[in-house]
Structures are given as structure tokens and as C-alpha cells.
Amino acid sequence: MNYIIFSGVSWEAYSYKRLLDVLPEREDIVFAGTMSSSEQAESGIRSLSLEEIYRLPVKDFTVLVSSPYWLQDVLALSPAFVVALLEHCPEGEDGSLWDKYSGLLAAQADLTATASERLYLEQLLSRSGVVYLSGDSPLSYGLIRRGERLYFLADYEAVWKRALEELWHPQDKAADVEPWAAIQLRHRAEYYLSMCTKLPKQPTVHYLAASYLYLLGDERAAQLLTRSFELMLLHDYTDCLHSHYRFFSAMEAKRGNLELAVRQYEITAFTAEERAVSEQLQHWLDSGRRELVQAELYRLNEDGAAAIRLLEGAADPEARSLLLLNYTDTFQWEKALRLQQEPENTAGDPAAAVLQGSGAAISILQQIPVMEGTLYLLYGKRHAAIRSFLRAAGADQGARALFAEMADLEEAVGRLRGRMADDEV
């Protein structure tokens, strides 16, 4: 397998060297930037400029990208596969811009990986194909040989290796093999279950155990969440109705107990907007539109991935508006635009496009030109992006903020390319 590494830092500061050592079927590996002769010889990786990378047969390469500001180049190159290595916003960068384009990078990626457990959980609730690049097991989960060196694999390294292998060689779904994503979820759940025994009065470890069990579909999740909620109350955390109790509604929705799930959400509905959501859920429930209730409860608990899986196969016409919203929330904007453009899409009606009181106070239709313009910008169509942003601004003259963000992105991309060019001098 061939790889191109798009880093946000120099080779010396690159933090994924060990993961590169255990890449499966390593052949040609290219680093976008400068490496010394000794670094190239020691790592078995060659360095190329961006211009040289554009001349490679990129359809034979997997790109490993750890800065969202490479996204324009990644889309222009159109490699065989894209692996997003998500990181927290580094010092000196705009946090909101970094997070937005990291979300767009993850949505474009064939595989997403991160060493941050918070980002790992966030991504699990947005999409499939997410690897956690850390672990707590002292055991070896296999070994590989590189020349004269043996590498004993940690649990997450074995998952990383298998996930990359399956990009090029997908497993037969009928095969009796546990998916790598389920293996890693099980490892995390087992770790936090053991921590619950060691730290019985810590609400956070119980909550994390509940979260992983929920993602695994394990009914013990409710028991762990109950314990976490009780401990939060004992510690006088008064905001845990939203952060903890509402989670019960997603768990009951997953079990099919929608009447109970709606009541549980209603308990956490304090604002006028939340109460309107509660009324909508009850209306759908009374009308027998159970798929809408279940999907919206997932979304309200930030589990867009579960909502999308359900809505993509739903027959209810109104499911399309909910699906459009979930695609938007999870940065799957190309899917959102394709769905909105389909003639039978009920979101073509502005009244249907606004999910009243659901937290989506702005019409989906008003967001479409913004998403369209952003994607045009990422694909190098600057003039088309400007036209979309002007259409999004409309009579409100709100284009200034959109153009300011466009300038901020171009500046961030320029800084990244400038750092690489400086290294090459």
C-alpha cells in the first residue's frame, strides 16, 4: 500500500511516527514537506514538495491528513482513500474554523482516527469508521516484522492496522469475524467497567461506561447511567438533567420504548423551544410515526449516526427533512445537497424545511447556499462560492461574515503551505 502524509507540522514534530511503523503492506510512503537524508533513511519515507505530489499516480495512494487545511488539496488530488487524523485545535489557530473544517474533513474521509477520546466519542455519534488511537491494555495484540525489527502491537494499533487493510481489502460481511469497530468499542467498555469497580463514586467513569455500552447496544448502559446520574446529584451538579437524564431517552428509544423515551425527554424540556419539540414528538407518537420519534430522539441526544441509519431507510415523507438536518449537523454536506435537489424532497417547501422548535431555528433552505458555497470553495471554485454566499446573505446583507470566514480559511491554508515552503528552503 502507498501512503501520502499531509501533516500540520514538521517531520520532527509529527506525532504519528509509531503508527507509520505499523502500517500494513508498506510500500511507497511520501511526506509532504522536508525531511533530512538521515530521517528518510531511518524511516523509509521520502519527502516531496506539494508540486511533486501532484505528479504522483495518486489513485494508488491513501492520504493520511492531520490538518483540515489540507482538505482543498486532498479533494483536488482525489486519492484512493482518505484517512483523517483528527486533533484538537492547536494554539494560534481559530477554534471555530478548525472545528468546522475538521468536521468537513471527517465527512470526506473513508476512515477517521484520533488520539483524543472526546473526539473519538463525538465522531462515533456522527459516523461509522472511527478508530481511537490510544488504549489502556498492557497486552500485545499481535506483532509485525519490518526488516530486522519486530513490533508488538497494542490493542489500538492492531485495530488501526486492520482498519487500513480493510480499506483496500473489504471483509465479507457474512464472514464470522467481529468488526474492528466493535472490538475497539468493547475494549473501551471493558476498561470503563473495570474503572467503575475501582472508582465506584466517580460519575464520569460510570457515564463513559454507559456511553460505550449504549453504542454497543448493551442494556447495562441504563444501569451505569443511573448510577452516574445519582452520583452527579450527590455532588450537587444541578445541570445533569440535560447532560445525563436526557440520555435515558436515547437509550429507551434504542430499546423501542418510545412512550417512555418521550416522557423522559419532556422532563428535560425547559425552554419554549424544547417544549415545542416535546409536543412534536408526542404528536408523531400519537400519529403512529414511530420512526420519526426514534430518529429525532437520537438527534436530540447528538447521535446523528443512529438517526441517519434509521432515516435513510424510512418511508415517511417527513423523514427526508429530518435526514437533511442530520446530514447538515454531521457535516455530510454533499449528501445534504443531493437530497435537497431531489424533486420529491419535501424540504423544497419552506414550511416543511423548518423543523419548528427542534433547535433548528433557521430554515434548512437558508443553510443550503452556505453549504454549497463552502463546498465550492473547497473544490477550488472561488467565484461560484462567492455567488452562493451572496445568495445566502440575501436581503439581510449578511455576506460580510461569510466572506470573512472565506478569507480566514484562505489565510490558514496559506500559513500551512507557507510553513511547508519555508521547510523546503
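The values are calculated or read from the model by the stated rules, or taken from the named source; none is laboratory data. Every value quoted in this text rests on a predicted model; they were computed, and no experiment measured them. Cβ atoms come from the backbone with ideal geometry, glycine included; neighbour counts cover every protein chain shown. Note: areas computed on protein heavy atoms with side chains; ligands, DNA, RNA excluded. Shrake-Rupley method; radii C 1.70, N 1.55, O 1.52, S 1.80 Å.
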| said: I need the full set of residues from the stretch 263-283 which are open to solvent by 10 Å² or more (accessible area, probe 1.4 Å), in contact with a helix residue (DSSP H, G or I) (Cβ under 8 Å, 6 or more places away or on another chain) and closer than 23 Å to residue 305 by Cβ, in order please. | reply: 264, 280
| query | Within the bounds of the stretch 278-288, is there any residue that is under 27 Å from the mean Cα position of the chain (by Cα) and at pLDDT 95 or above? | reply | yes
| field | Flag for residue 41 being within 20 Å of residue 170 (Cα to Cα) and either of a type in the set (A, V, I, L, M, F, W, C) or in the same structural domain as residue 19 (by TED's automatic domain parsing) (or both) | value | no
| remark: Within the stretch 72-84, the residues that are touching a Leu at 6+ places or on another chain (Cβ under 6 Å) and open to solvent by less than 10 Å² (accessible area, probe 1.4 Å) are 83, 84
| Unmet criterion (only one of (1) open to solvent by less than 40 Å² (accessible area, probe 1.4 Å); (2) more than 22 Å from residue 230 (Cβ to Cβ)) for residue 186 | (1)
| task | Collect the residues in the stretch 103-118 that are open to solvent by 10 Å² or more (accessible area, probe 1.4 Å), part of a helix (DSSP H, G or I) and over 19 Å from residue 77 (Cβ atoms), keeping them in residue-number order. | result | 117, 118
| task | Answer with yes or no whether residue 167 is touching a residue at least 40 places away in the same chain (Cβ under 8 Å) and surrounded by fewer than 21 Cβ atoms within 10 Å (Cβ to Cβ). | result | yes
| request: Taking residue 192 as the residue in question, decide whether it is of a type in the set (Phe, Trp, Tyr) and open to solvent by less than 40 Å² (accessible area, probe 1.4 Å). | output: yes
| task | Could you tell me which residue of the stretch 294-317 is farthest from the chain's Cα centre (by Cα), considering only residues that are small (Gly, Ala, Ser) and open to solvent by less than 20 Å² (accessible area, probe 1.4 Å)? | result | 295
| message | If a residue must be under 27 Å from the mean Cα position of the chain (by Cα) and surrounded by fewer than 17 Cβ atoms within 10 Å (Cβ to Cβ), how many such residues does the stretch 55-71 contain? | response | 2
| Name the residues in the stretch 234-257 that are in contact with a Pro (Cβ under 9 Å, 6 or more places away or on another chain) and open to solvent by 50 Å² or more (accessible area, probe 1.4 Å), would you? | 234, 235, 237
| remark: If you go through 322, 355, the only one that is under 15 Å from residue 281 (Cβ atoms), at pLDDT below 90 and either open to solvent by less than 40 Å² (accessible area, probe 1.4 Å) or not assigned by TED's automatic domain parsing to the domain that holds residue 275 (or both) is 355
| message | Please return the ranges of strands (runs of 3 or more DSSP E) entirely within the stretch 119-159 where 1 or more residues are surrounded by fewer than 19 Cβ atoms within 10 Å (Cβ to Cβ) and touching a Lys or Arg at 6+ places or on another chain (Cβ under 9 Å). | response | 143-146, 149-152
| said: Here is a list: 225, 260. Which entry is open to solvent by 30 Å² or more (accessible area, probe 1.4 Å) and modelled with pLDDT of 95 or more? | reply: 260
| What number of residues within the stretch 72-91 satisfy the criterion of being within 13 Å of residue 8 (Cα to Cα) and of a type outside the set (D, E, K, R)? | 6
| free of Cβ contacts under 8 Å to residues at least 60 places away in the same chain and open to solvent by less than 10 Å² (accessible area, probe 1.4 Å), is that true of residue 48? | no
